[in-house]
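Here is the structure we will look at, set down as structure tokens.
Any read-out appearing in this document is the output of simple, stated calculations on the displayed coordinates, not a laboratory observation. Quick caveat, the model's predicted, so the values are computed rather than measured. Using ideal geometry, Cβ is built from the backbone for each residue, glycine included, and neighbour counts are taken over all protein chains shown.
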Amino acid sequence: MANHGNHCNDISCHNCYIPHTTAPIHVFKNVAPKLVPFTKFVCIYFVAWTPYENPNLYAAIIKCLPILALFAFVCLQHTTNYEESKYRYCVLLGLLLSCVGDFLLIWEELFGYGVCFFGCAHIAYICGFGWLEPFNVRLGIGIYALGILTYLLVLPVLPQVVAIVTGLYCITISTAAWRAVARVEFTWEIWKWTKLFAAIGTVLFCISDTMIVFSMFRGWSLPGNFQRGIVMSTYYTAQLGIALSAVNHQKLLMESLALQKPRTD
């Protein structure tokens, strides 16, 4: 057993591990090649640009492919650490449920079911972020206040059943944003960077969903295809941020240290 009274330089030891910094460029060099499929599928989606007026299986598959690519990316982030594994499984479940939600939302008559799957996806993410620590009451109050304000702006035009579903979803996504942002610590350390990725992802998720709600129920949208373009780009970036938060910390740190080690030849 390591002597925890002194610092240990073995980064595989989770108890006596000293903080090692990881530059953003090293994070990028490690994860970028594994995200090539995701990038390609996002490009395919925007090039194909299947019209909403013609929902079909092809359009549903094209929309889901980027999320499936992120699912595969997170699957590659194997770790033996229990807490990291638990977080990774929560993110995987959230991505899978989101994919089902994406598939269903192609058809307008399945909108309610799609929203339910996305709500369950956010619950999975919340389980990964943690329910209580750090609590940060002020942050929670602020985020819930914004969520309630958004809900009140569309409530007068919502049918009763849709109002209930939308209200529950608003609470769920606000909770996800609160729990993700509450975890953020601004340092260069990789495990803090991943928390920042998750926070950015959930905030973008809120922006994307708010634009959808305002467009559907209030008619407040940007002209032409700008609305859909911004909604989908923020959505895919949101899921990317959450997926990046599940990277294997230990592997990234080891590769970062190898990159920073001076050459001896």
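Observations
- Other residues whose C-beta falls under 12 angstrom from the C-beta of P134 contribute a net charge of +2, scoring Lys and Arg +1 and Asp and Glu -1.
- Summary of packing: across the peptides 209-222, 162-175, the per-residue average of other C-beta atoms within 10 Å ranks them, highest first, as 162-175, 209-222.
- In summary, the lysines within cross-link reach of K29, defined as a Cα separation below 26 angstrom excluding same-chain residues under 8 places away, comprise K40, K86, K192, K195, K251, K261.
- Charge sum, other residues only, whose C-beta stays under 13 Å from A176's C-beta, Lys/Arg counted +1 and Asp/Glu -1: +1
- L153/F186 FRET efficiency (R0 30 Å; Cβ-Cβ; nearest 0.05): 0.40
- Long-range Cα-Cα pairs in region 24-255 (distance over 23 Å), rounded percent: 48 percent
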